[in-house]
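To keep things clear, I will list the structure first and then write my remarks on it.
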Amino acid sequence: MKQLTPLLLVFALFSSCQTKKYHEDRVVVDLTAVPEALHSVYQWQENKNQTFRDPELSPLLLKDKKIFESLRFFEPSQQFQVRAIFDKNTRPVVMELLTNTQRIEKQIIYGWLKFELEDKEFRLAVYQNVETKDDYLFVPFADQTSGFDTYGGGRYIDLSAPLSDTIQLDFNKAYNPYCVYNKKFSCPLVPEENYLEYPIIAGELDFKSE
């Protein structure tokens, strides 16, 4: 993957009201003009866009690859970079997560993340795949934007094991599962316990194929 310049990144900027187009003229974002805490978010967005522009790596359908320029995101916000307390699951049990296909995915609950948004307390389960058993962890979640501005099936956040007692949970890096772009992919569905009664106005917006 190409190296990104430390101060200037190129993005397509969109408002959440746009629901059809995802290929607009890109503009330069000057990272010196945004809080340092959000630099990694803009870099993450551009890394993701570079993957989607690469015909060998992109999950998009061929017709979408031909016109793709950028994914759509909410404007990054420090409000959704939250301090979360991690509670490790000391007695994990193998669970079967349903997917959008007939496939069943075996996962364990690695632990739970407890955090607050506007003085409201929330908890999300962190999952680990039993079959791969590597350091990859993921947090599938749905919220009050699901089915409106964001994908109705929910979004994911990636983490790496081991987790410390306190971590930063960055909802700006919430992304859509690959089955959103191409139905050939099989994606775990969000468990009911990971639905948040709160609008997470951060991360990736829904994708609309032309």
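A Gaussian network model of the chain, with springs between Cα atoms under 10 Å, assigns the largest mean-square fluctuation among 58, 164, 146 to 164. Summary: within the chain, the longest segment free of trypsin sites (Lys or Arg not before Pro) located in DSSP loops with at most 14 other C-beta atoms within 10 Å is 134-182. If you run the Gaussian network model on the chain, springs between alpha carbon atoms under 10 Å, then out of 119, 87, 135 the most flexible one is 119.
Any chance you could give the angle, 0 to 90 degrees and rounded to 10, that helix 39-53 forms with the longest Cα principal axis of the chain? Value to nearest ten degrees: 70. Applying both filters, DSSP loop and at most 16 other Cβ atoms within 10 Å, to the GluC sites (Glu not before Pro) of segment 36-133 gives 56, 69, 118, 131. Rounded to the nearest 500, the helix-only mean residue ellipticity at 222 nm of the chain stands at -2500 deg cm²/dmol, with each DSSP H run of n ≥ 4 adding -39,500 (n - 2.57).
With contacts taken as Cα pairs under 8 Å at a separation of at least 6 residues, segment 80-194 carries a relative contact order of 30 percent. Between residue 48 and residue 62, the simple spin-label model (points 7 angstrom out along Cα→Cβ) gives 2.7 nm.
Values (1) 1.44; (2) 0.95; (3) 1.02 are given for comparison; Cα Rg over 2.2 N^0.38 Å, derived from the coordinates here, is the one labelled (3).
Just so you know, all these numbers are worked out from the coordinates, no wet-lab data involved. Bear in mind that the values here come from a model prediction, so they are computed numbers and not experimental data. A quick note on method: Cβ atoms are made from the backbone with ideal geometry, for glycine too, and the neighbour counts reach across all protein chains shown.
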